[in-house]
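Notes follow the structure.
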Amino acid sequence: MKILVINGVNMNMLGLREPEKYGSMTLQDLEKNLYAYSFELGIDIETFQSNFEGEIVEKIHSAKNIFDGIVINAGAYTHTSIAIRDAISAVEIPTVEVHITNIYKREEFRHKSYIAPVCIGQISGFEYESYKLGIEGLLQYIKNLHSSKE
């Protein structure tokens, strides 16, 4: 099983940006923790971060026929990017949207996700555990999908 974990705009600023909301963990710390977690689960993951919408779209496109699932925290692109939404829809790879903070307890503009309607689920508000919960939910979904085809 191979999972792609995508982090979008400003996620490279974790540990520096608004520590009262996001804590002190850096993106590198997060990725290290996710690789260790993937080892525990016996799966392969690849991580990717970009501040550029087009690069995220291209990464999603390149995932077709390579990855079994995607976990994405698109950052602010969650609330603005029809392009990322359409890329997820186009590749037809099961995808889970995750957020460190609870986007529904934040500014009104963060309550709308363009990505969620093309994802199998959304997890927000569990800090960095949101990623692990997203991976777990994605794995369960994929296992159920495979067992229903047998």
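The values are calculated or read from the model by the stated rules, or taken from the named source; none is laboratory data. These numbers were taken from a predicted model, which means no experiment stands behind them. Here the Cβ is made from the backbone with ideal geometry for all residues, glycine too, and neighbour counts use every protein chain on show. Note: areas computed on protein heavy atoms with side chains; ligands, DNA, RNA excluded. Shrake-Rupley method; radii C 1.70, N 1.55, O 1.52, S 1.80 Å.
A few comments on the model shown:
- Total charge dipole magnitude, region 18-150, about the Cα centre, Cβ charges on Lys, Arg, Asp, Glu only, Debye to nearest 20: 300
- Overall dimensions of region 1-87 by Cα: Rg and Dmax, Å: 13.3, 39
- The GluC sites (Glu not before Pro) found in region 89-129 that occupy coil by DSSP, while having at most 10 further C-beta atoms within 10 Å, are 92, 107.
- Unit charges on C-beta of K, R, D, E only; dipole of region 79-134, Debye: 120
- Between helix 82-91 and the chain: long-axis angle, C-alpha atoms, 0 to 90°, nearest 10: 20
- For region 70-150, the fraction of alpha-carbon pairs lying more than 17 Å apart is 45 percent, rounded to a whole number.
- Surface share of carbon and sulfur [accessible, 1.4 angstrom probe, percent] for the chain: 51
- Counting only alpha carbon atoms, the long axis of helix 129-149 and the longest principal axis of the chain meet at about 20°.
- Heavy atoms of the protein chains alone define the surface here; on that basis region 1-70 has 53 Å² accessible area per residue at 1.4 Å probe size.
- The lysines within cross-link reach of residue 112, meaning a Cα-to-Cα straight distance under 21 Å and a gap of 8 or more places when in the same chain, are 21.
- Within the shell defined by Cβ-Cβ distances under 13 Å, the residues around residue 78 carry a net charge of +1, with Lys and Arg each +1 and Asp and Glu each -1.
- Residue 35 contributes an accessible area of around 90 Å² to the protein surface, as traced by a 1.4 Å probe with all chains present.
- Reach of residue 132 by Cα under 17 Å, taken over lysines that are not fewer than 8 positions away in the same chain: 2, 32, 143
- The Cα atoms of region 11-150 define a convex hull whose projected area, averaged across directions, is 8.4 nm².
- Within the same chain, aspartates and glutamates fewer than 8 places from residue 59 are excluded, and of the rest, those with a Cα less than 19 Å from its Cα are 31, 44, 46, 68, 86, 92, 97.
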